[in-house]
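Reviewing the structure listed below.
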Amino acid sequence: MRSLRTRLALIVFVTVFGAVLIVGLGVLRGLEGRLRDEGLHNLQRQSLQYSRAIDHAIDRGATQRRIDMLVRDAADQTTARVTLLGVYRTPGEVQTYIKSDSTREVEIRDLQFDVAVQAARTGRPQTATEAGDAGRVGEAALPLLYRDPQTHRRVLGSVLVYSRPLDDVTGDVGLIRNRLLTAAAAALIAAAIASLLLARALSFRVRRLERVAARVAQGDLAARFPVDARDEIGQLARTLEDMRGQLAELDDARKRFIATASHELRTPLFSLGGFLELLDEEDLDEEDRRRFVKQLRMQVLRMQKLATDLLDLSKLEAGSLELRAEPTDLGTVARMVAAEFEPALDAHGSHVELRLPADAVQVVCDPERVAQVMRILIDNAITHTPPGTDLVVSASLRGDRARLGVGDFGPGIHRTMLPRIFEPFVTTDDAQGSGLGLAIAGELADRMDGRLAVDSQAGRTTFTLELPA
């Protein structure tokens with residue numbers, strides 16, 4: 001159990017660690033590049049926005065002092081260094097020179113402004129980064145055109161460069177990295193604690209199930225599995241509790257069967273002993289002797305039936321009962337079995353009505369086992385109904401299914417007993433017998449690829465054996 005708890009904690013911890021690692025790599029990877037590109041984009045957008053006044057002043061031939069003032073104003077508005085570079089061309093090259101600059105700070109004097117040359121060559125705005133003494137600097141270059149007095153055409157004369165240090169980007173990335181690492185460490189610690197608590201709670205619940213299972217295995221079927229949640233362990237506990245309930249019911253049925261079988265065997269055995277003592281008397285007349293022999297025979301038959309039922313049930317449960325299928329007319333089987341019970345029906349004061357079609361109800365089955373099912377059903381109806389209760393035996397063919405029914409007009413079966421009526425050793429409260437007959441009949445129906453069903457209400461109970469036609 002300790003190993004299970006350790007594995008659960010380790011799985012949760014590794015899962016959280018992996019999630020934090022993936023998120024961290026996803027956030028940090030390329031973050032500096034994205035922030036730098038965003039900074040250059042903003043710098044280019046500001047260069048387009050705040051360079052119009054300088055462009056107009058150059059186009060109108062403003063004084064150098066005016067241009068210097070406009071350059072410093074643009075630098076103040078954008079919080080960037082603004083440099084106005086003049087452009088002249090030599091054979092095969094483009095050269096630039098500083099015409100105006102918003103600042104003369106030392107840390108950016110080493111800039112070469114290669115981006116200005118690129119903008120002059122393409123005639124389009126350009127962005128780039130450049131290494132300076134104080135670190136990397138982001139630059140946005142905007143080519144400026146003026147109208148040539150002679151040709152009246154607009155030609156490139158200057159390039160305006162906005163530059164800003166990228167130290168803030170690096171600092172922001174470092175700050176984000178540090179905070180992410182701190183949050184990851186806190187998450188891992190919390191995950192470790194949570195995984196240990198979760199593993200402990202799960203192992204505690206599993207240990208409870210294990211303790212109850214040990215008690216049930218030792219025969220304490222009163223112990224109950226705790227169903228305290230709807231998760232997987234709760235489902236397992238519910239399944240185990242259902243199993244325990246079934247075991248308890250089976251154990252109760254087994255105890256009832258032992259008591260019933262003991263009673264069923266004890267009664268004929270005591271009767272046999274008593275009758276044998278009576279038969280041993282010398283002054284017993286012939287009529288009493290015949291009556292006692294008849295009772296002896298009945299008790300022996302009773303014991304034989306119980307033994308036969310037990311043997312048949314064990315064979316069915318073991319799957320060793322052989323079936324001999326052959327074409328069979330269910331109507332013929334119904335008439336034959338009903339005729340066998342005429343003496344019992346007369347003694348019970350009952351009458352059986354045969355509702356059979358004129359045509360044969362042909363199926364391929366084991367006729368002896370079908371007759372055995374019918375005997376069980378008719379005997380069950382006689383045993384569990386008051387004297388004088390009539391019976392109905394029917395046979396029919398509907399589509400690809402044949403039905404053989406035995407019904408009575410007795411008080412019916414209590415609805416709480418119906419779901420378990422075909423279980424071994426299960427009898428109603430006022431029932432007689434071992435409770436094996438219907439269990440055997442149900443098993444036989446299943447073995448013949450059929451089904452035995454019951455429909456019961458006050459005043460009418462019908463058992464129907466359904467077989468493939």
Contour minus end-to-end for L272 and L236, with contour as 0.36 nm per residue of separation and end-to-end as the Cα-Cα distance?
7.7 nm
Any chance you could look up the accessible area of H56 with a 1.4 Å probe, heavy atoms only, rounded to 10 Å²?
100
Rolling a 1.4 angstrom probe over the protein chains, ignoring ligands and nucleic acids, what is the accessible area of L301 in square angstrom, nearest 10?
100
Hz values of 3J(HN,Hα) by residue in the stretch 219-226 - Karplus curve (6.51, -1.76, 1.60), Gly and Pro given as x
x, 7, 7, 7, 5, 10, 7, x
Report, to one decimal in Å, the Kirkwood hydrodynamic radius for the stretch 347-409 based on all distinct Cα pairs.
12.8
If eta is 0.890 mPa s and T is 25 °C, what Stokes-Einstein diffusion coefficient results for the stretch 382-426, Kirkwood Rh from Cα pairs, in µm²/s?
190
If ligands, DNA and RNA are left out, what is the accessible area of K305 with a 1.4 Å probe, given in Å² to the nearest 10?
100
Any trypsin sites (Lys or Arg not before Pro) in the stretch 385-425 that lie in a DSSP loop and have at most 13 other Cβ atoms within 10 Å would be R415
So, R0 is 41 Å and r is the distance between the beta-carbons of V293 and A358; what FRET efficiency does that work out to, to 0.05?
0.35
Could you calculate the contour length gain from R52 to A307, that is, 0.36 nm times the residue separation minus the distance between their Cα atoms, to one decimal place in nm?
80.4 nm
Calculate one ³J(HN,Hα) per residue across the stretch 179-192 by plugging θ = phi - 60° into the Karplus curve 6.51 cos²θ - 1.76 cosθ + 1.60, and present them in order as whole Hz with x for glycine and proline.
5, 5, 5, 5, 5, 5, 4, 5, 5, 5, 5, 4, 5, 4
Once the Cβ-Cβ distance between A201 and D400 is put in as r, and R0 is 56 Å, what FRET efficiency do you end up with, to the nearest 0.05?
0.50
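The values are calculated or read from the model by the stated rules, or taken from the named source; none is laboratory data. Quick caveat: nothing in here was measured; it's all calculated off a predicted structure. Cβ sites come from the backbone with ideal geometry, for glycine too, and all protein chains shown count toward neighbours. For the accessible areas, the whole protein counts, side chains as well, though only heavy atoms, and no ligand, DNA or RNA atoms are used. Shrake-Rupley method; radii C 1.70, N 1.55, O 1.52, S 1.80 Å.
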